[in-house]
1. Which condition number in (1) more than 18 Å from the chain's Cα centre (by Cα); (2) open to solvent by 60 Å² or more (accessible area, probe 1.4 Å) is the one that residue 242 fails?
2. In the range 5-46, how many residues are touching a residue at least 12 places away in the same chain (Cβ under 8 Å), closer than 20 Å to residue 77 by Cβ and of a type outside the set (Val, Ile, Thr)?
3. Can you spot a residue in the range 189-206 that is farther than 18 Å from residue 131 by Cβ, in a helix (DSSP H, G or I) and modelled with pLDDT under 90?
4. Determine whether the range 74-97 contains at least one residue that is in contact with a Leu (Cβ under 7 Å, 6 or more places away or on another chain) and modelled with pLDDT of 85 or more.
5. Here are the criteria: (1) closer than 30 Å to residue 146 by Cβ; (2) outside any loop (DSSP other than H, G, I, E, B); (3) touching a Phe, Trp or Tyr at 6+ places or on another chain (Cβ under 7 Å). Tell me which single one residue 293 does not satisfy.
6. Take residue 169 and tell me if it is touching a Gly at 6+ places or on another chain (Cβ under 6 Å) and closer than 27 Å to residue 230 by Cα.
7. Residue check, residue 222 against (1) closer than 30 Å to residue 186 by Cα; (2) open to solvent by 60 Å² or more (accessible area, probe 1.4 Å); (3) part of a loop (DSSP other than H, G, I, E, B), all met but one. Which one?
8. Please find, within the range 150-180, the residue that is farthest from residue 130 (Cα to Cα) out of those that are outside any strand (DSSP E or B) and of a type in the set (A, V, I, L, M).
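The values are calculated or read from the model by the stated rules, or taken from the named source; none is laboratory data. Quick caveat: nothing in here was measured; it's all calculated off a predicted structure. For neighbour counting, all protein chains shown are included, and Cβ atoms are generated from backbone atoms with ideal geometry for every residue, glycine included. What goes into the accessible areas is simple: the full protein's heavy atoms, side chains included, and nothing from ligands, DNA or RNA. Shrake-Rupley method; radii C 1.70, N 1.55, O 1.52, S 1.80 Å.
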Amino acid sequence: MSPHVTLEQWQALVAVVDGGGYAQASEALHKSQSSVTYAVQKLQSQLGVKAFEIKGRKAVLTPTGQLLYRRARVLLEEAGSVETAAKSLSAGWEAEIRISAEVLFPYSLLLKSLDRFNRESPHTRIELLESVIAGTSEALVSHSVDLAIAPEIPPGFEGEAIMRTRMMLVAHPEHPLHKLGRPVTLRDLREHRQILVRESDTRRATKPLVEAIQRWTVSNMSTSIMATSMGLGYARYTEDKIRNELRAGSLKPLEVREQGVMDVTLYLVYADRDSAGPGVRRLAEIIRADTAAECSRATEQKSDE
């Protein structure tokens, strides 16, 4: 394409095609019809091609014009993308935001929040670290992330509670622990295989609540759920993570005498609230709002049951 063709000329060509004529294009571009006509004529002259031909009372694209139209739309979309990026950068929005999220948090909710944020700032890249227990705090302390959803607020950091979730001990319905005919005790749990998700920090110093004789530690939540659903052990999950398995009947809550159900509070924590950029602050606002709406919806749903 000729370097002499201006963006305004390409806009005129696209507007004529999309609008169905020069009069409609002039309205869409807020320009006189004569200026739109001149822009299209000049484009054709500079490229040495004929973009339109008259059929009856209507100007229709020639095969060459159809090619130019497709290329023009791509060019205008790229120009609009560059303009949006420039506006975001001039407003101080970050090019990348790193967030660590404890695996107990509903990731489907988080992904919706990230998508909502990216619709406002499409040129900000997101790096999501899926963390387990102390791994979230380690990511904050090491300044590996800008924002975190954690089960605790590390000393020296600022955060706020955004969700309270419940964890339950479960096993496959045919697991021996379901066949005891009485509430399960800690001693019972110690004698059966426990399925754990590996802590994502480097020290892995957090002790499990149950010191089982046999334990499988995996690095991924989905692997843990699969193993438990296959009857290979018991584990503790939030209801959100195993809703499908509970519904399908491949997992069933254990009736436990003590420590069967645990309430966990999750916090939204800034790595450095004072120096957080507008993108980090806006993402935090979206996560807070979406989480509050989801918690409210869940509460209403339970009250209706």
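1. (2)
2. Here the count works out to 13.
3. Yes; the residues of the range 189-206 include at least one that is farther than 18 Å from residue 131 by Cβ, in a helix (DSSP H, G or I) and modelled with pLDDT under 90.
4. Keep residues of the range 74-97 that are in contact with a Leu (Cβ under 7 Å, 6 or more places away or on another chain), which gives 79, 97.
Subsequent filtering for residues that are modelled with pLDDT of 85 or more retains 97.
So far as the range 74-97 goes, yes, one or more of its residues are in contact with a Leu (Cβ under 7 Å, 6 or more places away or on another chain) and modelled with pLDDT of 85 or more.
5. Every condition holds for residue 293 apart from (3).
6. Values: touching a Gly at 6+ places or on another chain (Cβ under 6 Å): yes; closer than 27 Å to residue 230 by Cα: yes.
Yes; evaluated as a whole, the condition is true for this residue.
7. Among (1) closer than 30 Å to residue 186 by Cα; (2) open to solvent by 60 Å² or more (accessible area, probe 1.4 Å); (3) part of a loop (DSSP other than H, G, I, E, B), residue 222 violates only (3).
8. By that ranking, first place goes to 180.
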